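Asks: Sharing a structure here in structure tokens format.
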2 protein chains.
Amino acid sequence: MAQSLPHSPLARPLPALPPLAGVRFGAAAAGIRYTGRTDLVMAEFAPGTTVAGVFTRSKCPGAPVDWCRAALPQGEARALVVNAGNANVFTGRAGFEATQANAADAARLVGCAASQVFLASTGVIGEILPYQKISDALPGLYATLSETGWADAARGIMTTDTFPKAAVRETTIAGTTVRIQGIAKGSGMVAPDMATMLCFVATDAALPAAVLQPLLAAGAARSFNRTTVDSDTSTSDMVLLFATGQASNPPVESETDPALAEFAAALDSLLLELALLVVRDGEGATKLIRIQVTGATSDDSAQRVAMAVANSPLVKTAIAGEDANWGRVVMAVGKSGEPANRDTLSIAIGGVWIARNGTVVPDYDETPVVAHMKGSEIEIEIDLGLGNGTGVAWSCDLTHGYIDINGSYRS
Amino acid sequence: MAQSLPHSPLARPLPALPPLAGVRFGAAAAGIRYTGRTDLVMAEFAPGTTVAGVFTRSKCPGAPVDWCRAALPQGEARALVVNAGNANVFTGRAGFEATQANAADAARLVGCAASQVFLASTGVIGEILPYQKISDALPGLYATLSETGWADAARGIMTTDTFPKAAVRETTIAGTTVRIQGIAKGSGMVAPDMATMLCFVATDAALPAAVLQPLLAAGAARSFNRTTVDSDTSTSDMVLLFATGQASNPPVESETDPALAEFAAALDSLLLELALLVVRDGEGATKLIRIQVTGATSDDSAQRVAMAVANSPLVKTAIAGEDANWGRVVMAVGKSGEPANRDTLSIAIGGVWIARNGTVVPDYDETPVVAHMKGSEIEIEIDLGLGNGTGVAWSCDLTHGYIDINGSYRS
């Protein structure tokens, strides 16, 4: 259970989460799987709140993912209901019925259409969701929703997480101050069993759903899609972005409006902070790894090389062992399938170029690299020497802790 | 070092390796990296021996892979030289010069062209191969070559292997009895550091290189290319097949000649046995896993689904924990990116169908599955319910042993 896992050594403290106009959060203990902790989270959004979402690419997504995908085109949200402990995945017709029932429950409380209710579930796959427990708990939970409920929500959605995760930004749109605030859970990108990645972000900006969606998609591509823990893909991953409009900024019609530049940058930065918090809580992680690729034939190619290195078990175990084993980086570049030329390939660790143009540098002194490997943040740079494409990925090391968590978790 | 690793619980005894006409093997201690063990292997083949080869798909292959690829089109082989302890990878011009020098050394001893010498190296990446040590050791080694040297050769090419690997077949071509015999090393498909996969097979059949090559390519596709330990790809993997012609079978002109059917089946079976021996020695492996996929839209699609499951760290850790966590199989199917429909997907473990058509079977009794999970050979069946495509993959579990070996190996 989450409670018994040791705290990640890469954990960050939960920031202060002040009220954000138009959002009320709360958490309750519905007893879905865990005892002695909250496992059900609800949010109510002000009328007129718009919504955007990005979802797992899994071909076998959970019922709540199907539900949200169907609700998204309307672009309006009044409520969010999230449970931890049961993913409602691979549950057939019963899974669909559970989403219908709980969306109807929340809609009744809030006074909205069921299609304005967004749902997420995280936990064990293949067990029927006891949705009646959620139905029973929702009225009491709804009565406790509060503008100060964010931290409770960040804790209530945790599964194998060892610390709650949130991030906050303040920015402007055409001179109006707006805020963005989000919570996330996950200790993989990743793990389906109990470690699905969920992220819920709200802003008081007034932005139509058609503007919100491309902003979120671009931001997620530059953050969550560049991180990995173990290469596995959850059936339930989602990032939802809600805009309550309470900041009353001047209208914005297009995501390319220059008035949005500062907001888009703040959103990107918040999403990356949340994504890296998830990597920092990667199952068993003791080191955060950043892989920077330059000199590729294209940005897409560079990104695939970066992800191949980020996902390599041999690179990740070497880093766990504090071994500056750059030969494994060569191996991972080679296995990516992307254009690479051994004789133009250069590799640096901790800012020290170890190999240049296909061979180890003369008089390579491992001392500063050895010192870097003992730190908690590892930097790997790869120059393919072929073109101008660049990419970056973040990962964590692969340790005994990962085996402990995943080799004995369900039982 | 290899010597200090615990023996794999999945190890198989080395079979008797009788002489095979036209092949003489031997091993010596050249002191390349290890002490107190052999690390240099040589074979001499009778004049007229033909050769076929398949190699790593890495974009950053080692110098010996380049050497063999260049030599292969001539289709003739008189010698093989293999060293363990240094992979001669990412060593630039020095790597090329080392291959030239050692091929010339062997050619001088045997009395052949350098292009009839095949080379393989396995070990650490990025360190200059001390080829003079090999040059110095080869004459003494050559003097000891013997038709009974197979077992010594199987041991001399080991790195992180915990047991030597070999397989033997007897078959016929057009009524003539022929033999096939091979050795392999590797404890990953896989690992570049010390666990490159190398496989050397010889037959006394008389077969032109143009017939040998498609037979080997097809056999490797059905064996080595269907196995994985950790998804990583060595810079040095190779399978070489030598045919000495000493059995004097009737001539065969094409790989599709019906006279070759029995030989091809025996070769396939031998290659699969060797590939599975490598998986059995997978770093830290305690269980051999077979994943059978049916009902895919094509065989290629089925194979990609099988490999996605075979490579999933979450599936592999669950099996290490003896947890029949079929939800992780659903996850891995979903992440493969291949056509799949949650509502037609069925999963069995140990022959027991746990989920059918997208939901757990009514009254699923976990008892026989729990018993199966305690065994050393795990069977997973996946029916996608979409078409007639089938595929199969073999893998091993992911345990603390893998982290031990790879998280602290080089130091």
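The values are calculated or read from the model by the stated rules, or taken from the named source; none is laboratory data. Predicted model, so just to flag it, every value in this text is computed and none were measured. Every residue, glycine as well, gets a Cβ built from its backbone with ideal geometry; the counts of neighbours run over all protein chains shown. Surface accessibility is based on the protein's heavy atoms, side chains included, excluding ligands, DNA and RNA. Shrake-Rupley method; radii C 1.70, N 1.55, O 1.52, S 1.80 Å.
Asks: State whether one or more residues within the stretch A:70-89 are within 17 Å of B:ASN341 (Cα to Cα) and open to solvent by 40 Å² or more (accessible area, probe 1.4 Å). Talk me through it step by step, then tell me what you get.
Replies: At the first step, the residues of the stretch A:70-89 found to be within 17 Å of B:ASN341 (Cα to Cα) are A:88-89.
Narrowing the set further to residues that are open to solvent by 40 Å² or more (accessible area, probe 1.4 Å) leaves none.
No, the stretch A:70-89 has no match at all.
Asks: If you don't mind, there's one more thing I want to ask. Would you mind telling me which numbered condition in (1) under 26 Å from B:VAL360 (Cβ atoms); (2) surrounded by fewer than 19 Cβ atoms within 10 Å (Cβ to Cβ) A:SER146 fails?
Replies: The single condition A:SER146 does not satisfy is (1).
Asks: Do you know which residues across the stretch A:115-133 are open to solvent by less than 10 Å² (accessible area, probe 1.4 Å) and aromatic (Phe, Trp, Tyr)?
Replies: If the condition is that a residue be open to solvent by less than 10 Å² (accessible area, probe 1.4 Å) and aromatic (Phe, Trp, Tyr), then A:PHE118 is the only one that fits.
Asks: So A:ALA206 fits all but one of (1) in a loop (DSSP other than H, G, I, E, B); (2) open to solvent by 10 Å² or more (accessible area, probe 1.4 Å); (3) within 27 Å of A:THR399 (Cβ to Cβ); what number is the exception?
Replies: Here A:ALA206 meets the rest and fails (3).
Asks: Evaluate the following for B:LEU272: is it more than 14 Å from chain A (Cβ to nearest Cβ), part of a helix (DSSP H, G or I) and hydrophobic (A, V, I, L, M, F, W, C)?
Replies: Numbers: more than 14 Å from chain A (Cβ to nearest Cβ): yes; part of a helix (DSSP H, G or I): yes; hydrophobic (A, V, I, L, M, F, W, C): yes.
It is true that B:LEU272 is more than 14 Å from chain A (Cβ to nearest Cβ), part of a helix (DSSP H, G or I) and hydrophobic (A, V, I, L, M, F, W, C).
Asks: Counting just the residues of the stretch B:286-306 that are surrounded by fewer than 24 Cβ atoms within 10 Å (Cβ to Cβ) and of a type in the set (A, V, I, L, M, F, W, C), which one comes out nearest to the other protein chains (Cβ to nearest Cβ)? Write out each step before concluding.
Replies: Applying the first criterion (surrounded by fewer than 24 Cβ atoms within 10 Å (Cβ to Cβ)) to the stretch B:286-306 yields B:286-290, B:292, B:294-295, B:297-301, B:303-304.
Still in the running and of a type in the set (A, V, I, L, M, F, W, C): B:288-289.
Values: B:LEU288: 17, B:ILE289: 14 Å.
This residue is B:ILE289.
Asks: Let me ask something additional. Condition check: over 29 Å from the mean Cα position of the chain (by Cα) and open to solvent by 50 Å² or more (accessible area, probe 1.4 Å). Does B:LEU345 satisfy that? So that I can check it myself, show each step before the final result.
Replies: Details: over 29 Å from the mean Cα position of the chain (by Cα): yes; open to solvent by 50 Å² or more (accessible area, probe 1.4 Å): no.
Answer is no for this residue.
Asks: Given the criterion assigned to a strand (DSSP E or B) and basic (Lys, Arg), identify the matching residue among B:ARG304, B:ARG290.
Replies: One residue alone meets the criteria, B:ARG290.
Asks: Follow-up. Step by step: first the residues of the stretch A:11-56, then only those that are closer than 25 Å to A:ASN225 by Cβ and out of contact with any strand residue (DSSP E or B) (no Cβ under 6 Å at 6 or more places or on another chain), then the one that is modelled with the lowest pLDDT. Which residue is that?
Replies: Result: A:THR56.
Asks: Look at A:ASP136 and say whether it is open to solvent by less than 50 Å² (accessible area, probe 1.4 Å), of a type in the set (Asp, Glu) and more than 25 Å from the chain's Cα centre (by Cα). First the steps, then the outcome.
Replies: Details: open to solvent by less than 50 Å² (accessible area, probe 1.4 Å): no; of a type in the set (Asp, Glu): yes; more than 25 Å from the chain's Cα centre (by Cα): yes.
Judged against the criteria, A:ASP136 is not a match.
Asks: Another question, then. Within the stretch B:367-406, work out how many residues are crowded, with 23+ Cβ neighbours inside 10 Å, within 14 Å of chain A (Cβ to nearest Cβ), under 27 Å from the mean Cα position of the chain (by Cα) and of a type outside the set (Val, Ile, Thr).
Replies: Looking only at that region, the number is 6.
Asks: Out of (1) more than 21 Å from the chain's Cα centre (by Cα); (2) within 28 Å of B:GLU170 (Cα to Cα), what's the single condition that is false for B:ALA28?
Replies: (2)
Asks: Another question, if that's okay. Restricting attention to the stretch A:318-359, report how many residues are within 7 Å of another protein chain (Cβ to nearest Cβ), in contact (Cβ under 8 Å) with a residue 24 or more places away in the chain and farther than 14 Å from B:CYS60 by Cβ.
Replies: So the count comes out to 2.
Asks: Go through A:LEU80, A:LEU119, A:LEU109 for me and flag whichever is more than 24 Å from the chain's Cα centre (by Cα) and not polar (S, T, N, Q).
Replies: On the way: A:LEU80 fails: more than 24 Å from the chain's Cα centre (by Cα); A:LEU119 fails: more than 24 Å from the chain's Cα centre (by Cα).
On inspection, the qualifying residue turns out to be A:LEU109.
Asks: While we're on this one: When you go through (1) of a type in the set (Val, Ile, Thr); (2) assigned to a loop (DSSP other than H, G, I, E, B); (3) open to solvent by 20 Å² or more (accessible area, probe 1.4 Å) one by one for A:THR159, which number turns out not to apply?
Replies: Among (1) of a type in the set (Val, Ile, Thr); (2) assigned to a loop (DSSP other than H, G, I, E, B); (3) open to solvent by 20 Å² or more (accessible area, probe 1.4 Å), the lone unmet condition for A:THR159 is (3).
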